[in-house]
Every structure is written in structure tokens, then in C-alpha cells.
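Here is the structure we will look at.
No lab work stands behind these numbers, since they all come straight from the coordinates. In this text the structure is predicted, and so the values were computed from the model without any measurement. Here the Cβ positions follow ideal geometry from the backbone for every residue, glycine too, while neighbour counts run over all protein chains shown.
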């Protein structure tokens with residue numbers, strides 16, 4: 001279990017009678033790109049919030065980067081990066097100021113922040129915009145920047161909650177190039193998405209339906225199993241049976 | 001500690017960047033301190049008196065002169081009838097009607113007794129009640145000085161009867177000027193607004209935008225986040241307090257009779273309590289609108305119950321109890337005592353303990369109620 005990036009066993013989160021996450025069990029290997037799929041309301045975000053230490057599970061076990069989600073949330077937080085579907089950088093700070101702030105609170109030294117931010121800004125080609133407010137950037141750039149900031153402190157795992165919502169296909173493609181680079185550098189990527197083409201980019205994917213993980217395998221194996229040639233159809237066959245209303 | 005440095009850097013950058021809020025934070029207090037004390041004034045002047053004189057005697061004229069020269073009343077000339085005078089009240093031109101019956105002078109001399117009729121427009125409560133009290137004092141004074149009361153009936157000049165005259169001296173505010181009472185109160189109110197509102201709104205704004213979730217997923221500790229929010233606004237509050245004292249000195253020539261050091265000590269503790277209050281609101285509210293309403297609800301209670309407008313001593317017991325449960329009450333009291341009376345620290349120890357308890361309780365509750373993990 002220690003070697004897994006994430007490990008869940010019967011993880012459950014209950015709100016009153018409602019089981020948002022229902023006895024979920026899965027492991028994520030280190031360095032893997034793990035796609036976390038499911039219809040709206042299937043419980044993806046709730047599960048992800050538990051793994052990030054934002055929410056307590058009701059029962060079951062889980063460890064993230066080897067730390068327990070009940071007791072060691074603060075250690076988990078030191079070792080992960082997180083980018084939510086809600087845009088998470090400060091609009092009224094410049095690109096550089098956002099990088100300095102988030103780098104700083106994760107304990108990166110001022111010297112390292114300087115070196116890495118110079119590097120990052122030149123990689124992203126944002127030399128001219130570095131002193132611009134983030135609020136003035138187009139959405140696609142904001143997303144790429146938010147991802148870069150989420151992995152700025154070199155976490156073991158990065159959680160991405162629908163990171164490419166609302167951006168064009170070209171930017172999405174570039175975004176996934178960045179994800180691959182991060183994975184190559186050894187960061188485990190845990191990503192939720194609604195785009196089935198993106199699901200194909202993942203090493204393994206799980207599909208959540210009504211709070212449970214209904215399928216978990218590589219995209220190729222899943223397509224074989226459901227005897228179809230697109231992930232769209234796999235998802236459709238699984239999610240069709242969902243009882244929870246789209247919310 | 002390093003982390004706190006990064007948080008403070010970010011907070012100050014954001015505060016300094018928002019020019020509108022920044023201007024409001026500094027312009028609002030100065031404007032309010034300059035304008036409000038001039039307008040919010042309980043002194044009653046210019047009470048309009050409709051004088052209905054049916055007697056047309058030297059006594060009735062003397063009384064009219066006396067009223068006019070007291071400085072509080074404006075005589076609206078003689079109305080010919082009571083009905084006509086009442087009409088003036090209806091139209092709002094007169095506040096009081098004083099009716100002198102015919103035979104006023106004759107009765108005073110012969111019967112040593114005469115009634116006059118005073119009718120008051122009670123819609124403007126303060127003006128009418130204070131106005132009629134003033135008017136009755138003037139009439140009483142007039143009555144005392146009447147010849148018939150001084151001269152003996154047989155025509156010989158007798159020794160005037162012994163009179164007890166009460167002379168008022170207004171301590172600590174010698175000319176009983178309202179501004180001395182009002183200005184320190186407004187200063188307190190401003191600190192309260194800045195401390196209570198702005199912190200609450202600032203944190204709730206992070207909830208609305210969603211950045212608070214991003215903060216909660218970082219290793220930033222609770223105390224770091226909260227100090228990161230409190231310190232900048234505490235500093236701003238102290239700057240506003242200083243500006244307020246300057247305006248008080250430059251515009252109203254009021255300089256604190258007591259020491260600046262104890263004034264600032266109390267100001268500092270009070271701000272911590274108020275910031276804790278704002279913080280507490282922010283842990284309950286999810287939107288800025290909710291935060292505004294909650295803060296507003298309490299601000300109204302603070303304003304009306306704190307002795308800012310009306311003395312807490314004359315409140316019913318339950319209201320005094322409520323009043324003592326708001327930190328504003330204690331701070332207003334302290335500021336007035338220090339600024340006007342020059343109170344020493346030893347006399348105010350109890351109040352400092354109260355304020356410190358508020359600071360600890362409010363902040364403690366807020367920190368307890370703030371959750372990184374739900």
C-alpha cells in the first residue's frame with residue numbers, strides 16, 4: 001500500500017441518507033495518469049475532495065501519498081497540488097504575484113521561486129504578460145497557468161477537477177501536453193473530465209455511476225470489454241443505468 | 001512564519017490594488033467625521049413659537065420679549081386667534097403655540113394666579129419636549145421676577161424673598177456643546193464599521209470566487225490564514241483611528257485630555273475584538289450579501305444600544321444588560337472618558353478587561369468555527 005500514490009478501500013461519504021460516495025475501492029500507481037470519469041452528480045468531486053483533505057469520509061479507508069485521509073490531512077496537503085473547476089488563481093494579482101504566493105505557502109524558498117518562475121514564464125511564453133493581472137488573461141492561458149501553479153512546488157500527486165472545461169480543442173491539446181510532461185517528471189496525475197477524447201489520453205480510467213466505481217481499466221481494455229471502439233460508447237453504456245438526476 | 005510573510009504580502013498587494021475600497025476606507029471616515037457631528041445635533045435651537053396674545057398688556061409683551069431673547073426661540077409674530085396658530089402647527093411652520101388669555105396682567109396682579117395655554121407639536125419628539133421645557137423655564141423665570149412677587153402689597157419696598165437659585169456648571173464639556181459628545185462617538189463607530197464589515201466581506205469574497213478552496217487545500221495553517229487577514233485590517237484600522245484623531249483635533253479642536261498611549265491601547269484591543277467579530281460573520285456567511293445583512297443587523301443593535309445616541313444609564317435593566325454585551329458600548333464609554341475627562345488607566349482597568357474578553361471570545365469562536373476540512 002505504501003508504494004501506491006492513492007489507495008482507497010470502501011471509501012464512503014454520506015450526507016444524511018444520501019451516499020455521495022458509496023464504498024469506493026481503487027488504487028492509483030505512482031507516475032500514472034488516472035482518469036476519474038462519471039456523469040454529473042456521480043460523486044467524483046466529493047471523492048476528490050476527500051482525497052485532497054478538504055472533506056472527511058464517513059467510513060472506509062484511504063491514503064494519499066502514504067498519508068491517512070482522517071488524521072494526516074495537513075501532510076497530504078503538503079504533498080499534493082490541486083486545480084479545481086472553479087478558477088483558483090487571484091484575478092487581482094499578476095501572474096508573477098500568484099506564482100510567488102502559491103509557491104511561498106507551499107514552502108518553496110524565495111530563491112527557488114525566482115529561478116522556477118523565470119523558467120516557467122519563458123516555457124509558457126508569457127514574458128510580456130508576467131506583470132499583467134491574471135484577470136486580464138484569456139481563459140485558456142489562465143488554465144495553463146493554474147496547472148503550472150498547481151505543480152510549481154513539485155508535488156507527488158496533482159488533482160485536476162475538470163481542468164479543461166470551456167477551452168478550445170487546441171488549448172486542450174496543449175494542456176494535455178503539459179500533463180504528459182508533468183507525468184514524465186514523476187508526478188502522479190489524478191484528473192476528472194467529461195471529454196471522452198481526454199479519457200483516451202489516460203493510462204487508466206475509472207467510471208463512477210451513482211457513487212460507485214463501475215469500471216476501472218485502461219481505455220483499450222475497457223473498449224474491448226464493452227465491445228465498442230470509442231470511449232463515448234463505454235461511458236454511455238455505463239452511465240445509462242444511472243438513477244441520479246443530472247444536476 | 002515564512003508562510004505568514006507570503007500571505008501578508010499577498011493581502012497587502014490586493015488591498016492596495018483595489019483603489020475604490022482603499023479610498024472608501026480613508027475618505028469615508030474623514031467625510032463622516034467632518035459632516036456628521038454638524039448635522040447630528042441634539043441641541044434644540046430655532047424652536048418656532050406662535051404667540052397668541054389676547055391681553056396686549058405690558059406683562060404679556062415683557063414675556064414675549066423674554067422668550068425671544070432667550071436664544072432658543074423664533075417668534076412668529078402675533079396670531080389673532082388660537083385657531084390661526086394651530087393652523088401654523090398643521091402646516092409645520094410653528095412648533096409651539098403659547099396662548100396668553102385676556103386679563104393675564106390683571107389676574108396676576110389681583111389674584112396672583114393665571115393659567116397660560118401651551119400646545120406642542122409632538123411629531124418631532126426631541127424638539128417639542130425640549131422646546132416646551134425651555135419655554136416653561138423661561139416662564140418660571142419671568143414669574144419669579146414679576147413686580148408683584150417682589151413688592152409687598154402695601155406699596156413699601158420690602159426685602160425680596162429669599163430665592164434659591166441653581167447655577168449649572170457643565171463639567172468636562174463646559175459649554176455643553178454637542179460635538180464633544182458626538183465626535184468621539186463617531187470615531188468609535190468608524191472603527192467599528194471598518195473592523196466589522198471589511199474583514200467579513202474580504203473573507204467571504206474568497207469563498208465566492210472559490211479561492212478559499214484553493215487556500216484550504218494548501219498547507220497554510222488556520223492561524224496563518226486568520227492572522228494574514230487580521231493584521232492588514234488591524235493596521236488599516238489603526239491608521240483610520242489616527243486620521244480620526246487628527247480630524248478631531250484639526251476640525252473640532254478636541255485634543256484628548258487623557259494620554260494617547262492608553263487611547264491607542266484601548267483602540268488596539270477593541271479593533272482585535274471587532275476584527276474577530278467580522279471573522280466570525282465570515283465563517284457563517286457564504287455570500288457577501290449574507291455577510292452584509294448579518295453585519296448590518298448587529299451594527300444597528302450596536303449603534304442604538306451602545307450609548308452612541310442615547311445614554312445607556314436611562315435604559316431599562318434588560319437593555320443595559322444587552323448593551324453591556326456589545327464591545328462598542330465599552331469602547332465608546334472609554335473613548336469619551338479618555339478624550340473628554342482625561343481618565344487614567346487605573347479607572348479604566350475593568351473596561352480593558354471587558355474588551356480583552358470580547359477579543360478573546362470573538363476570535364476564539366471564529367477560529368473554532370473556521371474549518372479547513374468539512
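Can you give me the orientation-averaged projected area of the convex hull built on the Cα atoms of chain B, in nm²? For chain B, the mean projected area of the Cα convex hull comes to 25.2 nm².
Counting, for every residue in A:69-75, the Cβ atoms of other protein chains within 10 Å of its Cβ and taking the mean gives 2. Sorting B:230-239, A:123-132 by average packing, meaning the other beta carbons within 10 Å per residue, from highest down gives B:230-239, A:123-132. Scoring A:58-71, B:13-26 by mean Cβ neighbours within 10 Å over their residues and listing the highest first yields A:58-71, B:13-26.
Estimated from helices alone, the mean residue ellipticity of chain B at 222 nm is -21000 deg cm²/dmol (sum of -39500 (n - 2.57) over DSSP H runs with n ≥ 4, per residue). Between the beta carbons of residue B:141 and residue B:17, assuming R0 = 51 Å, the FRET efficiency works out to 0.20 to the nearest 0.05. Among the residues of B:4-11, the average count of other protein chain beta-carbon atoms within 10 Å of the residue beta-carbon is 4. Take the Cβ atoms of residue B:319 and residue B:353, set R0 to 30 Å, and the FRET efficiency comes out at 0.85.
Counting other Cβ atoms within 10 Å as a rough exposure proxy, the listed residues A:54, B:38 run B:38, A:54 from fewest neighbours to most.
The Cα atoms of the protein assembly as shown give a gyration tensor whose axes a ≥ b ≥ c have a/c of 1.5 or more with a/b greater than b/c, which makes the shape prolate. Gap in Å between the Cα centre of the range B:245-281 and the Cα centre of the range A:50-87? What the calculation gives is 44 Å, centre to centre. Prolate is the label for the range B:47-150, because a/c, from the alpha-carbon gyration tensor with a ≥ b ≥ c as root eigenvalues, is 1.5 or above and a/b exceeds b/c. As a proxy for reagent exposure, ranking B:120, A:234, B:251, A:134 by other Cβ atoms within 10 Å from fewest up yields B:251, B:120, A:134, A:234.
With neighbours defined as other Cβ atoms within 10 Å of a residue's Cβ, the residues A:45, A:171 order from fewest to most as A:171, A:45. Between helix A:169-184 and chain A there is an angle of about 90 degrees, using the helix long axis and the longest principal axis of the Cα atoms. Report, for the range B:47-150, the % of DSSP beta bridges that are antiparallel, rounded to 5. Close to 30 percent. Note on chain A: GNM, Cα springs under 10 Å; of A:169, A:57, A:155, the largest mean-square fluctuation is that of A:169. Over all projection directions, the Cα-based convex hull of chain A averages an area of 13.5 nm².
Note on chain A: helix-only mean residue ellipticity at 222 nm, from DSSP H runs of 4+ residues weighted -39500 (n - 2.57) and normalised by residue number, equals -10500 deg cm²/dmol.
Label the range A:92-193 by shape, choosing from rounded, prolate and oblate, from the square roots a ≥ b ≥ c of the eigenvalues of the Cα gyration tensor; if a/c is under 1.5 it is rounded, and otherwise prolate applies when a/b is larger than b/c, oblate when it is not. Taking the square roots of the gyration eigenvalues as a ≥ b ≥ c, the range A:92-193 is oblate.
Relative to the longest principal axis of the Cα atoms of chain B, helix B:345-369 runs at roughly 50 degrees. Counting only other chain Cβ atoms within 10 Å of each residue's Cβ, the peptide B:205-218 averages 6.
Between B:340, B:33, B:250, the residue with the greatest mean-square fluctuation in the GNM of chain B (Cα pairs under 10 Å linked by springs) is B:250. For chain A, the longest principal axis of the Cα atoms and the long axis of helix A:95-105 meet at an angle of about 70 degrees. Sorting the Cα pairs of the range A:68-114 by distance into bins of 5 Å, from 0 upward, gives 4, 18, 22, 22, 19, 10, 5, 0 percent per bin.
Considering only A:218, A:84, A:122, the Gaussian network model of chain A with Cα springs below 10 Å gives its largest mean-square fluctuation to A:122. Annotation: peptides B:106-118, B:189-201, ranked by per-residue average of other Cβ atoms within 10 Å with the highest first, follow the order B:189-201, B:106-118.
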